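Worksheet for the structure shown next.
The values are calculated or read from the model by the stated rules, or taken from the named source; none is laboratory data. Everything numeric in this text was worked out from a predicted model, so none of it was measured. Ideal geometry is used to build each Cβ from the backbone, glycine not excepted, and the neighbour counts take in all protein chains shown. Accessible surface areas use protein heavy atoms only, side chains included; no ligands, DNA or RNA. Shrake-Rupley method; radii C 1.70, N 1.55, O 1.52, S 1.80 Å.
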Amino acid sequence: MKHTFETPIEADILILARWAIPVVPRNTTWENVSIAISAGEIIAVFHSGFPNPPQINAKETVDCGNSTLLPGFVNAHGHAAMSLFRGIADDTALQPWLNEKIWPLEAKHANREFVEDGTLLAIAEMIKSGTTCFADMYFFPDAVAESANKAKIRAQLACPVLDFATIWAETADEYIAKTTELYDTYRFNELLSIAFGPHAPYSISDQPLIKLAALAEELDVPIHMHLHETAEEVEAAYSEYGYRPIKRLADLGVLSHRFVGIHATQLNENDILTIAGAGINIVNCPESNMKLAGGFCKVHELQSNNINVALGTDGCASNNDLDMISEMRTAALVTKVVAGDASAMPAHKAIEMATLNGARALGQDHLIGSLENGKQADIIAISMDDISQIPIYRPESNIVYSTQASQVRHAWCRGTQILREGKLTTINTTLIRDRAIKWQETLRESARKNV
Ligand SMILES: [Zn+2]
């Protein structure tokens, strides 16, 4: 049946492109695409499958030409301000890396100003590589919020909770109180949301976990936590409690569909059954896991058990970039190797992991993660003109396996254009660079003295 439209559609922005990968419906690539946006929302999507598209009257039209449109990437785990630690401590396993390098540096330098500057540097890199939403676990989440607000990017702030004092709070109760305060501040914010971020099973005891699990349910907010990141962590927990961290968390009532477990490189059959039964989300951070030699996440096995697996870069000190395109490529390749099956992660599935699955883990899949009518306009355009992109038989394959971050040309977050022709519109890059170089001088001296 032919569709006809009697009246033209009125829109704020009309985006045109040669291709689009909407993520919903799955395994789909459209050609000759028009997306209309009004008040930050996608109000109409047309492509060559519509023989008689309507007239769209838009205040602004952006013709992306030979580009592919995608939902903006959702970086489901990171520590944005740690971008100021990029390359400061490489070639070390997780525990000595944390205990001897990162934590002493943080104790000395990670103040509010450090977090503001480091977060803006990270956001600049993320937007330029197509991320329009990121989850963050770091001290001074209010400063992260301010930086995200300035940049007009979407963020979920997983406020840290630890047993011991840091620069942000003294006791577990104080961390939790500060988190609920921030929840009250941002509960109606259009781009920012709050979550609990108990750092890891080895850095938080039972009582605060029970308390924050009850609060997370009451407020309906996620719990982000590093989980089974290394074999040493699991072995140490086994010696202390007599069972593995996942069982401990399950027994404490912490695991539910709101729980976001980061890394999960050490999973046995029972762990997988437990997390499948609880419906938790896992964030795969393959580059960080390889760099710290932690292990590999069994993504294919998790997905075969209907467990939602999202993608994250982790912090810049253990990656050392925040580029979701290269992370997606690494994730696709590693998943195939771990599964021993080249079909374990097709290109469309890798894109879904980097977009919709992340949105689902953050409890935001009703808002973002796909190019659908009614969703918020978090959209990116990737140029397909580069010599490395030719020929193009299946755009989804080129996006996953042969795209560089520099080919991201445009990005919109809730309808605001935050990247135009590869240039940031909300961040002063000269200022950010100057601030980062200032920190580099301070931190270089500190790292040299090993404090
Ligand atoms: Zn992390």
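Spatially, the stretch 143-173 and the stretch 100-127 are offset by 12 Å when compared through their Cα centroids.
Is there a pair in 152/423; 150/291; 128/152 whose C-alpha atoms are over 21 Å apart, and which pairs would that be? Please report the intermediate quantities before stating the final value.
Working: 152/423 14 Å; 150/291 32 Å; 128/152 14 Å.
Listed pairs above 21 Å: 150/291.
Using just its DSSP H runs of length 4 or more, each adding -39500 (n - 2.57), the chain gives a mean residue ellipticity at 222 nm of -11000 deg cm²/dmol after division by all residues. When the chain is described by a simple charge dipole with +1 on each Lys and Arg Cβ and -1 on each Asp and Glu Cβ, the residue from 71, 241, 13 located farthest towards its positive end is 13.
Between helix 429-448 and the chain there is an angle of about 20 degrees, using the helix long axis and the longest principal axis of the Cα atoms. Sorting 391-397, 228-234 by their mean Cβ neighbour count within 10 Å, with the most densely packed peptide first, gives 228-234, 391-397.
For residue 257 and residue 41, the difference between the fully extended length at 0.36 nm per residue and the C-alpha to C-alpha distance is 75.1 nm. The protection proxy used here, the mean number of other Cβ atoms lying within 10 Å of each residue, ranks peptides 269-275, 119-125 as follows, highest first: 119-125, 269-275. Ranked by the mean number of other Cβ atoms within 10 Å of their residues, highest first, the peptides 373-384, 34-45 fall in the order 373-384, 34-45.
Could you check how much of the accessible area of the chain is carbon and sulfur, as a whole percent, using a 1.4 Å probe? Don't skip to the end; give the middle numbers.
On the way: 8950 of 17910 Å².
Ligands and nucleic acids excluded, carbon and sulfur reach 50 percent.
Counting only DSSP beta bridges with both residues in the chain, the antiparallel share comes to about 45 percent.
Distance from the Cα centroid of the stretch 416-436 to that of the stretch 380-408 is 23 Å (rounded to whole angstrom). Across the stretch 120-163, the residues whose backbone nitrogen lies under 14 Å from the label position 7 Å along the beta-carbon direction of residue 404 are 129.
Placing unit charges on C-beta atoms (Lys and Arg positive, Asp and Glu negative, everything else neutral), compute the dipole magnitude of the chain about its Cα centre in debye, rounded to 20. Each step should come with its number before you reach the end.
Details: 37 positive and 55 negative charges, 186 e Å.
It works out to roughly 900 debye.
Which value, in nm² and rounded to one decimal, describes the direction-averaged projected area of the C-alpha convex hull of the chain? Numbers along the way, then the final one.
On the way: hull surface 86.6 nm².
So the Cα hull casts an average projection of 21.6 nm².
Between the C-alpha center of the stretch 4-57 and that of the stretch 200-240 there is a gap of 43 Å. Residue by residue, the stretch 229-245 carries 3J(HN,Hα) couplings of 7, 9, 5, 4, 4, 5, 5, 5, 5, 4, 5, 6, 9, x, 8, 7, x Hz when phi is fed to the Karplus relation 6.51 cos²θ - 1.76 cosθ + 1.60 (θ = phi - 60°); x denotes Gly or Pro.
The C-alpha atoms of the chain define a longest principal axis, and helix 269-278 lies at about 60 degrees to it.
Once you sort the root eigenvalues of the Cα gyration tensor of the stretch 156-289 as a ≥ b ≥ c, which label holds: rounded (a/c under 1.5), prolate (a/b larger than b/c) or oblate (the other case)? Taking the square roots of the gyration eigenvalues as a ≥ b ≥ c, the stretch 156-289 is prolate.
Let me make sure I get this right: for the stretch 66-201, a, b and c are the square roots of the gyration tensor eigenvalues over alpha carbons, sorted descending. Under 1.5 in a/c it's rounded, otherwise prolate if a/b > b/c, else oblate. Which is it? Write down the numbers at each step before the final one.
Values: a/c = 1.95, a/b = 1.21, b/c = 1.62.
Oblate, since a/c reaches 1.5 and b/c is not below a/b.
Relative to the longest principal axis of the Cα atoms of the chain, the long axis of helix 141-151 lies at roughly 20 degrees. Measuring nothing but how far apart in sequence close Cα pairs (under 8 Å, 6+ apart) lie, relative to its length, the stretch 19-62 scores a relative contact order of 26 percent.
Projecting the Cα atoms of 81, 428, 281 onto the charge dipole of the chain, computed from C-beta unit charges around the Cα centre, puts 428 farthest toward the positive end.
Compute the Cα gyration tensor for the stretch 264-370, then decide on rounded, prolate or oblate, letting a ≥ b ≥ c be the square roots of its eigenvalues: rounded whenever a/c is under 1.5, prolate when a/b is larger than b/c in the other cases, and oblate in all that remain. Judged from the Cα gyration tensor, the stretch 264-370 comes out rounded (a/c under 1.5).
Can you tell me the accessible area per residue over the chain, all protein chains present, probe 1.4 angstrom, in square angstrom?
On the way: 17910 Å² over 451 residues.
On a per-residue basis, the chain sits at 40 Å².
Taking every Cα-Cα distance in the stretch 338-392 and sorting them into 10 Å bins from zero, the calculated P(r) comes out as 20, 35, 32, 13 percent.
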